[in-house]
Amino acid sequence: MEAAVGQDLSEAFSTIIEYFPSGISLIDGDLHVVAWNTQFKQLLKFPDDLFQGDPLPMERFLRYNALRGDYGPGDPEQLVNQALKVCSLRQPHLFERTRLDGTVLEIRGLPLPSGGFVTIYTDITERRMAELQYRAILSNASIGILFTRDQRVMQCNEKFAEIFGWSSPEALKGQPGSVFWPSAEAYEVIGSKAGAILSKGQIFSIQCPMRWQDGSSFLCSLTAKAMDPVSTAAGTIWIAQDITDQVKAQQRIHDSARLLTSIVDGNPVPTFVINSSHTITHWNHACETLTGHCAEDMIGTRDSWKAFYQEPRQTMADMVVDGATLTQIASEYGNSVGQSKLIAGAYEFESFFPAIEAGGSWFLLTAAPLRDAEGKTIGAIETIRDTTTHIEAEHALHERTQELEKALQELGQVVANLQLAQDELVRNEKLAALGSLVAGVSHELNTPIGNALVTATSLQHATQQFTELKNGALTRTALESFMSTSLAGADLLVRTIGRAAELIGSFKQLAADQTFDQCRLFSLDEIIADVSTAVAPKLRGAPYELQVHAADGDIMLNSYPGALSATLLNFINNALLHGFDGRPKGVMTIRSRLLNAHEVEIVFSDDGVGMPAQVCKRIFEPFFTTKLGQGGSGLGMHVAYNTVVSVLGGSIEVHSIPGAGTSCRLVLPLTAPPRNAKEKPMQ
């Protein structure tokens, strides 16, 4: 203890002051520092030379603090004067000062009867840091924290206010605890239960509906601990969590598990499920039926191997749970193991299992991982498909395919001939849709030729049977059956081969040179008249009529009359076959007019059933017909398009309204382009 000259203090008092944990200074009535302890010098970091002299004016110490910035920014002298005024009041004071180095001092001044005062300086830096940490933890906590006293809110963090729908913790201060409960009755009941537990020093926990500020309710988890069990009113800490979403998520998980159980049990495909510990959790009824092992004996065990093998070994589901690769699974099951094309991470394996059922069975096994929301494998599901019938059918199909391949050698020759025709057409660039043409012809020819082959085979078989009967006991019934079969077969052969001949004829028409005749000068009226004359016999006695409305004045064309007449005949035949289908009568019209000095317009129309838009868009495609198998080859309008565009050098467009008929509009040049001109592509 250091003291100014003349200061008389007892040795005991000096010892107490010296070892006091806080800094102490004694100021007399003249504001002179007359006594101090070591803590005073150290806490305020005063140098020794500051204590030289007698007396020691307090102003000296205040100026030192001001100059080193302890009082903050400003003029040091003004700051010193302000501090002296406070000291001269000789009133009790308590305040905190944060120094530039971060040290926080609590300064408490107490006036003395003699006119001076004692000042106590305490380093509360750690306490303030602890308080800041506490406040940071309280503010940033992800759970709601509340402190109540006498059943009123004293303090809470922002999370608590957020959970209960309040704007801020300040808005909750002073509120009664009942504001958080759906009703006063619920508050009283829960309060009674909580009080009994808290008074024993125990933790009270409950999950129950709580009240939002707007009056709505939510599911909350509450935990409480009394500050003093003897007097719970002294204060209670409450921790709250909104568990509405958590409970819903748990319910969804429960529902999902129940749904999975329903799906697995109701699945007609034998199925079992194992968890991450390889324990069977599901073994459906279909699996029981197939394997002979009941669910009661299998669920809860690791014996899924019993479904397939005599000795314990890993199933594919076990290997999937362990995260095995395709190579590892293949080393166990062979190269027939493959990855599923439908399920990511799943594997498939098909093999013969001799231990199942009498004579064994073929099974296709599929094992897929079960993953949680984070993608972690938590189990596996394996399905068992009995493919014995399928495998046997494949073998039978293979044998039958070999027989058919041998029987279709002649058709192969036909296809080869069509391929030669295709190559020729490509070289001559006669048809824009050649690839589609050959594919369509091959498809169309397969049906009649296939029917003919089947019929011929049947006739051959019937003839063999008849021959055997002829050498044995031939009955009248057998003879009549053979004759009936032969006649029916012959009739079918004639019709199918005739159909094939028609298709080949149509193909020859498309593949042949499109020069219908020589280019010459002709009258449009004469050509239309010739077409009318040609179809007259077909229309005679029929409920259909062809009307011609020629242009004023004869129109002369230097073009190909055969191509034009064939196109018009095609329109007429198309109307008779398709346009008037189901109509008791109908009218067809041909109109012509001169568009300009270089072009003529010809419009063919009917008042038939018309076409929907999707049919009209495809009408020029080769082999597209709505009368497949009913006399329509699908080539007519395709031929008409190529004739108009490639031979006559014009354009063609079709318009149709369902129920109101169809019209085909041709725009042709009066002088056809040379035949070697580049053909226009089909639009």
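Taking the criterion of being in contact with a helix residue (DSSP H, G or I) (Cβ under 8 Å, 6 or more places away or on another chain) and either open to solvent by 60 Å² or more (accessible area, probe 1.4 Å) or part of a helix (DSSP H, G or I) (or both), the residues of the stretch 78-95 that qualify are 79, 80, 83, 84, 87. A search for C-beta distances below 9 Å between a residue of the stretch 70-89 that is hydrophobic (A, V, I, L, M, F, W, C) and any residue that is loosely packed, with under 11 Cβ neighbours inside 10 Å, counting only pairs 6+ apart in sequence or on different chains, returns 79/72. Only one of the numbered conditions (1) out of contact with any Gly (no Cβ under 8 Å at 6 or more places or on another chain); (2) under 15 Å from residue 217 (Cα atoms) is violated by residue 162, and that is (1).
Scanning the stretch 565-595 for residues that are among the aromatic types (Phe, Trp, Tyr) and touching a residue at least 40 places away in the same chain (Cβ under 8 Å) yields one hit, 571.
Where helices (runs of 4 or more DSSP H) sit wholly within the stretch 279-367, those with at least 3 residues that are without any contact (Cβ under 8 Å) to a residue 60 or more places away in the chain and either over 26 Å from residue 256 (Cβ atoms) or of a type outside the set (D, E, K, R) (or both) occupy 285-291, 295-298, 326-333. Taking the listed residues 201, 195, the one that is surrounded by 13 or more Cβ atoms within 10 Å (Cβ to Cβ), modelled with pLDDT under 90 and farther than 22 Å from residue 140 by Cα is 195, with no other qualifying. Take the stretch 612-635 and flag every residue that is of a type in the set (Ser, Thr, Tyr) and modelled with pLDDT of 65 or more. Across the stretch 612-635, the qualifying residues are 625, 626.
Which of the numbered conditions does residue 601 fail, given that it passes all the others? Conditions: (1) at pLDDT 85 or above; (2) assigned to a helix (DSSP H, G or I). Here residue 601 clears every test but (2). Among the residues here, residue 529 does not qualify as surrounded by 15 or more Cβ atoms within 10 Å (Cβ to Cβ) and either under 60 Å from the mean Cα position of the chain (by Cα) or of a type outside the set (Lys, Arg) (or both). Considering only the stretch 537-546, state which residues are in contact with a strand residue (DSSP E or B) (Cβ under 8 Å, 6 or more places away or on another chain) and open to solvent by less than 60 Å² (accessible area, probe 1.4 Å). Answer for the stretch 537-546, where residues must be in contact with a strand residue (DSSP E or B) (Cβ under 8 Å, 6 or more places away or on another chain) and open to solvent by less than 60 Å² (accessible area, probe 1.4 Å): 539, 544, 546.
Meeting the requirement of 1 or more residues that are without any contact (Cβ under 8 Å) to a residue 60 or more places away in the chain and under 30 Å from residue 99 (Cβ atoms), the helices (runs of 4 or more DSSP H) wholly within the stretch 121-227 are 125-140. Looking across the stretch 446-479 at every residue that is among the small types (Gly, Ala, Ser) and surrounded by 13 or more Cβ atoms within 10 Å (Cβ to Cβ), the one that is modelled with the lowest pLDDT is identified as 450.
The values are calculated or read from the model by the stated rules, or taken from the named source; none is laboratory data. Everything numeric here is computed off the predicted structure, so don't read it as measured data. Glycine gets a Cβ as well: all are built from the backbone with ideal geometry, and neighbour counts include every protein chain shown. Note: areas computed on protein heavy atoms with side chains; ligands, DNA, RNA excluded. Shrake-Rupley method; radii C 1.70, N 1.55, O 1.52, S 1.80 Å.
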